[in-house]
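Reviewing the structure listed below.
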Amino acid sequence: MNALETTPTPISAPVGILAELTHRCPLGCPYCSNPVELDSRAGELDTETWKRVFSEAAAAGILHAHLSGGEPASRRDLVEIVAHCKKVGLYTNLITSGIGLTQERMRELADAGLDHVQLSIQDAMAESADRIAGYKGAFARKIDVARWVNEVGIPLTVNAVIHRANIARAGRMVEFAVELGARRVEIAHTQYYAWALVNRKVLMPSHAQVEKAVAEVEGLRETYAGKIVIDHVIPDYYAKYPKACMGGWGKRTMNVTPHGKVLPCHAAETIPGLEFWTVREHSLIDIWMNSPAFNAFRGTEWMLEPCRSCPRKTIDFGGCRCQALALTGDARNADPICHLSPHHDKVAEIAATFDDVDANVSASDYIYRTLKTRVPAE
Amino acid sequence: MSDPAEIGGEVKPRLPRGVHLKHDETRGEWLLLAPERVLKTNPIAVEILKRCDGNATLSEIVDDLAAQFKAERARIETDVRALLGELAAKRMVDL
Ligand code: SF4
Ligand code: SF4
């Protein structure tokens with residue numbers, strides 16, 4: 001088809017699909033990883049289209065279906081979608097804030113074959129948690145939801161995003177997850193893109209706070225061995241090498257937006273010039289193999305120095321494209337988190353600005369994530 | 001708790017809800033699927049995990065494997081304990 005095609009390394013089958021069923025969400029977390037321009041309800045894919053997408057996902061070799069959002073429980077057809085995923089042999093993981101679930105609905109989801117629930121918490125303390133979520137009563141509701149998940153016997157993961165207002169309780173959140181009956185807990189320090197980038201000023205903790213929190217959580221691994229699995233995503237900003245973003249661009253996962261656009265990672269739309277295909281016009285496997293966006297940063301051919309001649313290029317794939325773009329102006333550059341990047345000083349500079357922040361963040365400091373208001377330009 | 005040598009012979013291992021052993025047609029191999037995890041399983045692990053049904057005890061599983069593969073019981077037992085200990089620590093098997 002394309003005369004300029006170079007001999008490509010074979011493209012392996014995708015492993016996971018992250019389905020953003022909707023961007024609607026009752027909460028307003030200021031670090032939300034959804035794009036700042038959220039998809040409207042009106043353009044959302046209908047039930048039949050989502051079912052087709054999941055059938056195509058299973059046929060393409062995808063194993064895990066992550067049902068996400070926004071808040072996936074905001075979709076009335078959630079149970080039907082889960083049942084369909086089950087039918088086509090996908091492992092279903094519901095990524096939820098819990099708001100919008102009821103005990104009855106949890107039972108229906110369990111009967112439909114839901115395999116796993118990942119429940120987000122905003123903090124281990126009610127008042128602070130509700131302030132971060134921008135929703136009164138969210139904390140109390142999540143405790144109910146955790147109980148319902150345990151009642152129906154679905155394994156529970158608790159997920160907490162860490163930032164300045166809750167970092168003092170990073171370790172406490174592990175304990176809280178145990179109390180909620182979780183088998184697994186994710187303690188993930190905020191990654192600064194999308195809404196988190198808009199709110200970076202009020203989210204970013206100091207280096208000292210980070211070090212203390214990281215050590216605290218690491219110290220709990222032993223205490224809870226065999227009881228809860230701790231997945232710890234430590235912050236980028238103080239690392240020496242970047243993370244292998246998404247396990248490599250176009251290597252493992254596909255992200256489908258509420259309107260059906262398929263992205264290699266959920267922030268990929270911030271990169272100008274990429275052409276995304278939609279499930280309305282193409283099959284999932286066609287998109288995986290042939291869409292320009294997926295092929296843009298596959299393999300190592302696109303890399304610039306220092307990545308191009310670096311032995312780690314097949315380990316971290318040069319890090320995150322979106323972060324490279326945001327901080328260096330060119331998505332092909334090494335992720336500036338890398339100490340080998342000529343732009344690495346920018347990361348240190350940003351991090352240093354936060355060295356003497358305190359932990360008091362009031363609600364009025366946040367720009368809450370919402371479908372309605374527009375975000376002021378920075 | 002998950003020290004392999006300390007697992008009792010009478011435990012009845014089982015895969016908890018949310019953990020599946022699946023033959024993947026696309027890749028032509030057996031995989032153990034768990035929340036956010038995909039583990040490749042070698043043929044021995046597959047035979048062990050197929051028997052973790054919550055009814056058979058660890059000793060019975062070892063007996064069964066030793067008989068079927070005409071292998072030395074002690075070696076099989078070491079393999080079974082090592083695998084179950086590792087998976088229990090990851091909370092992918094309930095003992
Ligand atoms: S991060 Fe918060 S606001 Fe964003 S989708 Fe999740 S619960 Fe909703
Ligand atoms: S130079 Fe590029 S490939 Fe090498 S470690 Fe840094 S980001 Fe990774």
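The values are calculated or read from the model by the stated rules, or taken from the named source; none is laboratory data. Keep in mind that this is a model prediction, so the values were computed, not measured. Positions of Cβ are backbone-derived with ideal geometry, glycine not excepted, and every protein chain shown enters the neighbour counts. In case anyone asks, the SASA skips ligands and DNA or RNA and just uses the protein heavy atoms, side chains included. Shrake-Rupley method; radii C 1.70, N 1.55, O 1.52, S 1.80 Å.
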Task: Largest-first ellipsoid semi-axes for chain B, taking √(5λ) over the Cα gyration tensor eigenvalues, angstrom - done: 21, 16, 11
- [ ] Could you run the Karplus curve 6.51 cos²θ - 1.76 cosθ + 1.60 with θ = phi - 60° over the stretch A:81-92 and give me ³J(HN,Hα) per residue in whole Hz, x for Gly and Pro?
- [x] 5, 4, 4, 5, 4, 4, 4, 8, x, 8, 7, 9
Open item on the list: For A:LYS313, give me every one of the aspartates and glutamates with a C-alpha distance below 17 angstrom, ignoring sequence neighbours fewer than eight places off in its own chain.
Closed with: A:GLU301, A:GLU305, A:ASP335
Open item on the list: If Rh is defined by the Kirkwood formula over all Cα pairs and Rg also comes from Cα, what ratio Rg/Rh do you get for chain A?
Closed with: 0.95
Task: Given charges at beta-carbon only (K, R positive; D, E negative), |dipole| of the protein assembly as shown in Debye - done: 340 debye
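Using only Cα atoms, what Kirkwood radius does the stretch A:140-228 have, in angstroms? Spell out each step's value before the answer.
Details: mean 1/r = 0.0711 Å⁻¹.
Its Kirkwood hydrodynamic radius stands at 14.1 Å.
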Task: Ranked packing of A:328-337, A:228-237, most packed first, by mean Cβ within 10 Å - done: A:328-337, A:228-237
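Could you give the accessible area per residue of the stretch A:212-315, probe 1.4 Å, as a whole number in Å²? Before the final figure, lay out the partial values.
Values: 4910 Å² over 104 residues.
Ligands and nucleic acids excluded, the result is 47 Å² per residue.
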Open item on the list: Nearest 500 deg cm²/dmol is fine: what mean residue ellipticity at 222 nm does the protein assembly as shown get from its DSSP H runs of n ≥ 4 alone, each adding -39,500 (n - 2.57), divided by its residue count?
Closed with: -10000 deg cm²/dmol
Task: Overall form of the stretch A:178-224 per C-alpha gyration tensor (a/c, 1.5; a/b vs b/c) - done: oblate
TODO: Report, as an integer, the average count of C-beta atoms from other chains found within 10 Å of each Cβ along B:22-31.
DONE: 3
Task: Amide hydrogen neighbours beyond the local backbone of A:GLU186, cut-off 5 Å, H modeled - done: A:VAL158, A:ASN159, A:ALA160, A:ASP231
Task: Nonlocal amide H pairs with A:MET303, under 5 Å, H built at 1.01 Å - done: none
Task: Inter-chain shielding of B:33-41 (mean C-beta neighbours from other protein chains, 10 Å cut-off) - done: 6
Open item on the list: Please compute the modelled spin-label separation between A:GLU305 and A:HIS207, points set 7 Å along Cα→Cβ, answer in nm with one decimal.
Closed with: 2.9 nm
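How high is the relative contact order of the stretch B:11-89, in percent, counting Cα pairs under 8 Å that sit 6 or more residues apart?
Reported relative contact order: 27 percent.
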Open item on the list: Could you report the stretch B:11-89's accessible area per residue, 1.4 Å probe, as an integer in Å²?
Closed with: 51 Å²
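Mean projection of the alpha-carbon convex hull of the stretch A:2-161 over all orientations, in nm²? Display every interim value, and only then the final one.
Numbers: hull surface 46.0 nm².
Taking the Cα atoms of the stretch A:2-161, their convex hull projects to 11.5 nm² on average.
Relative contact order for chain A: what is it in percent, counting Cα pairs under 8 Å that are at least 6 residues apart?
Working: 728 pairs, mean separation 72.8, N = 378.
Value for chain A: 19 percent.
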Open item on the list: With a 1.4 Å probe, what is the total accessible area buried between chains B and A, in Å² rounded to the nearest 100?
Closed with: 2000 Å²
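Quote the convex hull volume per residue of the stretch A:79-123, based on C-alpha atoms, as a whole number of Å³. List each step's numbers first, then the result.
Numbers: hull volume 2.9 nm³, N = 45.
Convex hull volume per residue, Cα atoms: 65 Å³.
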Task: Residue-wise HN-Hα coupling along the stretch B:21-38, computed from phi with Karplus coefficients 6.51, -1.76, 1.60 (Hz; x: Gly, Pro) - done: 8, 9, 7, 8, 5, 4, 9, x, 8, 8, 10, 9, 9, 9, x, 6, 9, 10
Open item on the list: About the Cα centre, and with charges only on the beta carbon of Lys, Arg (+1) and Asp, Glu (-1), how big is the dipole of chain B? Nearest 20 debye, please.
Closed with: 260 debye
Open item on the list: Spelling out what I want: for every residue of the stretch A:329-338, take phi, set θ = phi - 60°, compute 6.51 cos²θ - 1.76 cosθ + 1.60 (Karplus), and round to whole Hz; glycine and proline get x.
Closed with: x, 9, 5, 7, 5, 4, 3, x, 4, 5
Task: Estimated FRET transfer efficiency when R0 is 35 angstrom, pair A:GLU37-B:LYS22 (beta carbons, to 0.05) - done: 0.40
